[in-house]
Amino acid sequence: MPLSAVEEIMPSAERVAASLRDEILSGALPPGTPLRETALAAEFAVSRNTFREGLRLLGAEGLIEAQLYKGAVVAAVSEARIRDLYLVRRTIELRAVEESGAASAAALDAVEDAVRLTERAAAQGDWRVVGTASLRFHEALVATLGSPMLDGFFHGVTAQQRLAFAAAADEADFQEPWTSRDREICDLVRAGFRAAAGAALRRYLDDSERMLLRHTRGT
(Lines give C-alpha, C1' and ligand atoms only; values in the text may rest on other atoms or scores of the structure.)
Protein backbone atom coordinates (compact mmCIF):
# COMPACT_ATOMS: atom_id res chain seq x y z
CA MET A 1 0.00 0.00 0.00
CA PRO A 2 2.19 2.87 -1.25
CA LEU A 3 1.75 6.21 0.46
CA SER A 4 1.10 9.54 -1.21
CA ALA A 5 3.26 12.57 -0.48
CA VAL A 6 0.47 14.01 1.66
CA GLU A 7 0.15 10.78 3.65
CA GLU A 8 3.89 10.79 4.33
CA ILE A 9 3.62 13.94 6.46
CA MET A 10 0.48 12.91 8.36
CA PRO A 11 0.60 11.63 11.94
CA SER A 12 1.14 7.88 11.79
CA ALA A 13 -2.37 6.73 12.75
CA GLU A 14 -3.99 9.17 10.33
CA ARG A 15 -1.58 8.03 7.63
CA VAL A 16 -2.64 4.42 8.17
CA ALA A 17 -6.31 5.40 8.07
CA ALA A 18 -5.86 7.53 4.92
CA SER A 19 -4.10 4.76 3.04
CA LEU A 20 -6.65 2.10 3.99
CA ARG A 21 -9.51 4.49 3.20
CA ASP A 22 -8.09 5.02 -0.29
CA GLU A 23 -7.75 1.26 -0.76
CA ILE A 24 -11.41 0.87 0.20
CA LEU A 25 -12.44 3.63 -2.21
CA SER A 26 -10.50 1.96 -5.03
CA GLY A 27 -12.40 -1.28 -4.47
CA ALA A 28 -9.22 -3.14 -3.50
CA LEU A 29 -10.59 -3.90 -0.02
CA PRO A 30 -14.18 -5.14 -0.36
CA PRO A 31 -16.48 -5.84 2.60
CA GLY A 32 -15.33 -8.74 4.74
CA THR A 33 -11.63 -8.30 3.98
CA PRO A 34 -9.65 -9.06 7.16
CA LEU A 35 -7.16 -6.42 8.27
CA ARG A 36 -4.38 -8.45 9.87
CA GLU A 37 -2.89 -6.29 12.56
CA THR A 38 0.62 -7.75 12.75
CA ALA A 39 1.23 -7.94 9.00
CA LEU A 40 -0.25 -4.54 8.18
CA ALA A 41 1.47 -2.75 11.06
CA ALA A 42 4.76 -4.08 9.69
CA GLU A 43 3.81 -3.01 6.16
CA PHE A 44 3.10 0.51 7.35
CA ALA A 45 6.19 0.48 9.58
CA VAL A 46 4.19 1.52 12.63
CA SER A 47 3.59 -0.02 16.03
CA ARG A 48 0.58 -2.25 16.57
CA ASN A 49 -0.87 0.38 18.90
CA THR A 50 -0.57 3.02 16.19
CA PHE A 51 -2.16 0.67 13.67
CA ARG A 52 -5.04 0.02 16.07
CA GLU A 53 -5.56 3.79 16.39
CA GLY A 54 -5.77 4.01 12.60
CA LEU A 55 -8.39 1.28 12.64
CA ARG A 56 -10.28 3.14 15.36
CA LEU A 57 -10.47 6.19 13.09
CA LEU A 58 -11.88 4.07 10.27
CA GLY A 59 -14.30 2.38 12.64
CA ALA A 60 -15.69 5.78 13.63
CA GLU A 61 -16.41 6.37 9.93
CA GLY A 62 -18.23 3.05 9.57
CA LEU A 63 -15.56 1.61 7.26
CA ILE A 64 -14.42 -1.27 9.44
CA GLU A 65 -15.94 -3.42 12.15
CA ALA A 66 -14.71 -5.93 14.70
CA GLN A 67 -15.90 -9.52 14.27
CA LEU A 68 -15.64 -12.30 16.82
CA TYR A 69 -12.67 -14.58 16.08
CA LYS A 70 -11.75 -12.51 13.01
CA GLY A 71 -10.65 -9.18 14.42
CA ALA A 72 -11.01 -6.09 12.25
CA VAL A 73 -12.61 -6.52 8.83
CA VAL A 74 -13.82 -4.11 6.18
CA ALA A 75 -17.45 -3.35 6.97
CA ALA A 76 -20.53 -4.31 5.00
CA VAL A 77 -23.10 -1.58 4.40
CA SER A 78 -26.67 -2.05 5.59
CA GLU A 79 -29.85 -0.77 3.93
CA ALA A 80 -30.18 1.84 6.67
CA ARG A 81 -26.64 3.04 6.04
CA ILE A 82 -27.26 3.24 2.28
CA ARG A 83 -30.31 5.43 2.88
CA ASP A 84 -28.27 7.64 5.20
CA LEU A 85 -25.43 7.89 2.66
CA TYR A 86 -27.81 9.15 0.01
CA LEU A 87 -29.36 11.64 2.41
CA VAL A 88 -25.88 13.03 3.03
CA ARG A 89 -25.02 13.00 -0.65
CA ARG A 90 -28.16 14.88 -1.65
CA THR A 91 -27.57 17.48 1.04
CA ILE A 92 -23.95 18.18 0.09
CA GLU A 93 -23.83 17.54 -3.65
CA LEU A 94 -26.98 19.48 -4.50
CA ARG A 95 -25.65 22.42 -2.49
CA ALA A 96 -22.39 22.19 -4.44
CA VAL A 97 -24.28 22.41 -7.73
CA GLU A 98 -26.34 25.35 -6.47
CA GLU A 99 -23.16 27.21 -5.50
CA SER A 100 -21.12 26.18 -8.54
CA GLY A 101 -21.46 29.62 -10.11
CA ALA A 102 -18.89 30.79 -7.56
CA ALA A 103 -16.48 27.90 -8.25
CA SER A 104 -13.00 28.65 -9.52
CA ALA A 105 -11.96 27.70 -13.04
CA ALA A 106 -9.48 25.22 -11.56
CA ALA A 107 -12.22 23.52 -9.53
CA LEU A 108 -14.44 23.21 -12.61
CA ASP A 109 -11.51 21.86 -14.63
CA ALA A 110 -11.07 19.19 -11.92
CA VAL A 111 -14.71 18.18 -12.40
CA GLU A 112 -14.08 17.79 -16.14
CA ASP A 113 -10.88 15.81 -15.54
CA ALA A 114 -12.70 13.46 -13.21
CA VAL A 115 -15.49 12.68 -15.65
CA ARG A 116 -12.99 12.12 -18.45
CA LEU A 117 -11.24 9.54 -16.29
CA THR A 118 -14.59 7.80 -15.82
CA GLU A 119 -15.18 7.80 -19.58
CA ARG A 120 -11.72 6.39 -20.34
CA ALA A 121 -12.18 3.57 -17.84
CA ALA A 122 -15.62 2.78 -19.30
CA ALA A 123 -14.20 2.67 -22.82
CA GLN A 124 -11.62 0.16 -21.57
CA GLY A 125 -14.28 -1.92 -19.79
CA ASP A 126 -12.52 -1.52 -16.44
CA TRP A 127 -15.66 -1.31 -14.34
CA ARG A 128 -13.99 -1.31 -10.95
CA VAL A 129 -12.04 1.77 -12.00
CA VAL A 130 -15.24 3.26 -13.42
CA GLY A 131 -16.90 2.97 -10.01
CA THR A 132 -13.98 4.64 -8.26
CA ALA A 133 -13.61 7.33 -10.92
CA SER A 134 -17.31 8.15 -10.74
CA LEU A 135 -17.02 8.63 -6.99
CA ARG A 136 -14.00 10.88 -7.60
CA PHE A 137 -16.16 12.91 -9.97
CA HIS A 138 -18.70 13.45 -7.21
CA GLU A 139 -15.89 14.39 -4.82
CA ALA A 140 -14.76 16.96 -7.39
CA LEU A 141 -18.28 18.39 -7.48
CA VAL A 142 -18.21 18.82 -3.70
CA ALA A 143 -14.71 20.31 -3.91
CA THR A 144 -16.12 23.22 -5.94
CA LEU A 145 -17.48 24.51 -2.63
CA GLY A 146 -13.90 25.18 -1.54
CA SER A 147 -14.20 23.63 1.93
CA PRO A 148 -11.36 21.33 3.01
CA MET A 149 -13.46 20.17 5.98
CA LEU A 150 -16.30 19.09 3.69
CA ASP A 151 -13.83 17.45 1.32
CA GLY A 152 -12.37 15.36 4.13
CA PHE A 153 -15.81 14.36 5.41
CA PHE A 154 -17.11 13.54 1.93
CA HIS A 155 -14.09 11.34 1.18
CA GLY A 156 -15.27 9.07 3.99
CA VAL A 157 -18.78 9.13 2.53
CA THR A 158 -17.55 8.01 -0.89
CA ALA A 159 -15.48 5.23 0.70
CA GLN A 160 -18.66 3.92 2.36
CA GLN A 161 -20.47 4.27 -0.96
CA ARG A 162 -17.78 2.10 -2.56
CA LEU A 163 -18.45 -0.60 0.01
CA ALA A 164 -22.15 -0.45 -0.83
CA PHE A 165 -21.30 -1.21 -4.49
CA ALA A 166 -20.29 -4.72 -3.37
CA ALA A 167 -23.99 -5.62 -3.22
CA ALA A 168 -24.06 -5.59 -7.05
CA ALA A 169 -22.93 -9.01 -8.27
CA ASP A 170 -22.31 -7.72 -11.82
CA GLU A 171 -20.20 -4.58 -11.53
CA ALA A 172 -20.38 -3.83 -15.26
CA ASP A 173 -24.16 -3.99 -15.23
CA PHE A 174 -24.33 -1.73 -12.18
CA GLN A 175 -21.73 0.86 -13.24
CA GLU A 176 -22.46 1.21 -16.96
CA PRO A 177 -25.51 3.54 -16.73
CA TRP A 178 -23.79 6.26 -14.72
CA THR A 179 -20.94 7.38 -16.97
CA SER A 180 -23.13 9.26 -19.44
CA ARG A 181 -25.08 10.77 -16.57
CA ASP A 182 -21.89 11.99 -14.90
CA ARG A 183 -21.04 13.65 -18.22
CA GLU A 184 -24.49 15.27 -18.40
CA ILE A 185 -24.16 16.75 -14.92
CA CYS A 186 -20.61 17.92 -15.61
CA ASP A 187 -21.58 19.69 -18.84
CA LEU A 188 -24.58 21.40 -17.25
CA VAL A 189 -22.51 22.62 -14.30
CA ARG A 190 -19.74 23.94 -16.54
CA ALA A 191 -22.26 25.66 -18.81
CA GLY A 192 -23.82 27.42 -15.81
CA PHE A 193 -27.18 25.67 -16.04
CA ARG A 194 -27.35 25.08 -12.31
CA ALA A 195 -31.08 24.33 -12.00
CA ALA A 196 -30.91 21.71 -14.77
CA ALA A 197 -27.73 20.26 -13.28
CA GLY A 198 -29.38 20.00 -9.86
CA ALA A 199 -32.43 18.28 -11.32
CA ALA A 200 -30.22 15.82 -13.22
CA LEU A 201 -28.16 15.13 -10.10
CA ARG A 202 -31.25 14.56 -7.95
CA ARG A 203 -32.61 12.04 -10.50
CA TYR A 204 -29.18 10.38 -10.60
CA LEU A 205 -29.00 9.98 -6.84
CA ASP A 206 -32.60 8.79 -6.57
CA ASP A 207 -32.09 6.17 -9.29
CA SER A 208 -28.75 5.07 -7.87
CA GLU A 209 -30.22 4.64 -4.38
CA ARG A 210 -33.13 2.57 -5.70
CA MET A 211 -30.86 0.34 -7.75
CA LEU A 212 -28.40 -0.19 -4.90
CA LEU A 213 -31.15 -1.02 -2.42
CA ARG A 214 -32.57 -3.50 -4.91
CA HIS A 215 -29.19 -5.20 -5.20
CA THR A 216 -28.78 -5.21 -1.42
CA ARG A 217 -32.11 -7.02 -1.05
CA GLY A 218 -31.22 -9.43 -3.84
CA THR A 219 -34.31 -8.48 -5.86
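What to note about this one:
- Restricting attention to the range 16-66, the residues that are open to solvent by less than 30 Å² (accessible area, probe 1.4 Å) and on the phi > 0 side of the Ramachandran plot add up to 2.
- Here Leu145 clears all of (1) over 24 Å from Gly101 (Cβ atoms); (2) more than 15 Å from the chain's Cα centre (by Cα) except the condition numbered (1).
- Annotation note: Cβ proximity below 7 Å between a residue of the range 203-216 that is open to solvent by 40 Å² or more (accessible area, probe 1.4 Å) and a residue that is modelled with pLDDT of 90 or more and not aromatic (Phe, Trp, Tyr) (sequence gap 6+ or interchain) occurs for Thr216/Glu79; Thr216/Ile82.
- Among the residues of the range 176-198, not a single one is part of a helix (DSSP H, G or I), within 21 Å of Leu25 (Cα to Cα) and touching a strand residue (DSSP E or B) at 6+ places or on another chain (Cβ under 9 Å).
- Taking the range 1-113 as the region of interest, the helices (runs of 4 or more DSSP H) fully inside it that hold 3 or more residues being out of contact with any His (no Cβ under 7 Å at 6 or more places or on another chain) and under 18 Å from Ala159 (Cα atoms) are 12-26, 48-60, 79-98.
- Scanning the range 61-75 for residues that are of a type outside the set (D, E, K, R) and in contact with a helix residue (DSSP H, G or I) (Cβ under 7 Å, 6 or more places away or on another chain) gives Gly62, Leu63, Ile64, Gly71, Ala72, Val74, Ala75.
- Any chance Val130 is surrounded by 22 or more Cβ atoms within 10 Å (Cβ to Cβ), under 16 Å from the mean Cα position of the chain (by Cα) and among the β-branched types (Val, Ile, Thr): yes
- Count of the range 72-92 residues which are in contact with a Pro (Cβ under 7 Å, 6 or more places away or on another chain) and modelled with pLDDT of 95 or more: 0
- Test: residue in the range 199-206 that is under 17 Å from Leu94 (Cβ atoms), of a type outside the set (Val, Ile, Thr) and outside any helix (DSSP H, G or I): no
- In this structure, Leu87 qualifies as of a type in the set (A, V, I, L, M, F, W, C) and within 16 Å of the chain's Cα centre (by Cα).
- Identity of the residue in the range 77-127, touching an Asp or Glu at 6+ places or on another chain (Cβ under 6 Å) and of a type outside the set (Ser, Thr, Tyr), that ends up surrounded by the most Cβ atoms within 10 Å (Cβ to Cβ): Val115
- The set of residues in the range 162-190 being surrounded by 22 or more Cβ atoms within 10 Å (Cβ to Cβ), of a type outside the set (A, V, I, L, M, F, W, C) and at pLDDT 95 or above consists of Asp182 alone.
- Every pair of residues 6+ apart whose Cβ atoms lie under 7 Å, when the first sits in the range 162-173 and is within 17 Å of Thr33 (Cα to Cα) while the second is open to solvent by less than 30 Å² (accessible area, probe 1.4 Å) and among the small types (Gly, Ala, Ser): Arg162/Gly27; Arg162/Gly131; Leu163/Ala75; Phe165/Gly131
The values are calculated or read from the model by the stated rules, or taken from the named source; none is laboratory data. Please read all numbers here as calculations on a predicted model, not as lab measurements. FYI the Cβ positions are ideal-geometry reconstructions off the backbone, even for glycines, and counts take in every protein chain you see. Side chains are part of the model used for accessible areas, which takes the heavy atoms of the whole protein and leaves out ligands, DNA and RNA. Shrake-Rupley method; radii C 1.70, N 1.55, O 1.52, S 1.80 Å.
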